[in-house]
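Read the figures in this text as sums done on the coordinates, not as results from a lab. As the structure is a prediction and not an experimental result, all values here were calculated from the model. Cβ sites come from the backbone with ideal geometry, for glycine too, and all protein chains shown count toward neighbours.
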Amino acid sequence: MAAFSYATATGPLGAEGPYWDALLDGHLKLPRCRGCGAWHWPAVWRCGECGSWDHEWVERALTGTVFSHTRTHHAFAGTEAFDRPFTTVLVSLTEVPIRLIGVLEGSEEGLRIGAEVEGRIDRTRFGTHDIPALRWRLVA
Ligand SMILES: [Zn+2]
């Protein structure tokens, strides 16, 4: 099995490279502009708010609330590793105004918009690579 490389997944100059590297290290890191403090996701090279090129990557907790969710019954590219049906959640992070997507694991009892979730970093198969992926679980 080939080792994951963010350069393979995103291109050698992808602004989100530090995100993937941090996930491979077991942490969530997101970019914040050093010029004005704005958070950016997807990652950008240049801040659209103040024009700065300088971003810092800050570790954030994998906690949040469900912004939206959907259940998938049919396979499509990139979902081969999942038993179907599976539920995907879009999560509004607690600490920053950023939403991240991932597959819900565990019980779906209590799944609703606004439900609290916590995440973990897993791996999923994409083509011939295992890549980092977020998993979310409802907080009881
Ligand atoms: Zn800025």
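Suppose R0 equals 41 Å; then what is the FRET efficiency for residue 54 and residue 109 from their Cβ-Cβ distance, rounded to the nearest 0.05? According to the calculation, E is roughly 0.35.
Shown here are the Rg and Dmax of the Cα trace of the chain, at 15.8, 45 Å. Protection proxy ranking for 49-60, 116-127, using the average of other Cβ atoms within 10 Å per residue and placing the highest first: 116-127, 49-60. In terms of the Cα gyration tensor, with a ≥ b ≥ c the square roots of its eigenvalues, is region 54-116 rounded because a/c is under 1.5, prolate because a/b exceeds b/c, or oblate? Judged from the Cα gyration tensor, region 54-116 comes out oblate (a/c at least 1.5, b/c at or above a/b). Count Lys and Arg as plus one, Asp and Glu as minus one, and take only other residues whose Cβ is under 12 Å from that of residue 138; the net charge is then -2. The separation of region 11-63 from region 100-135, counted between C-alpha centres, amounts to 20 Å. Using the Cβ atoms and a cut-off under 14 Å, what net charge is assigned to the surroundings of residue 44, where Lys and Arg are +1 and Asp and Glu are -1? Result for the neighbourhood of residue 44: -1.
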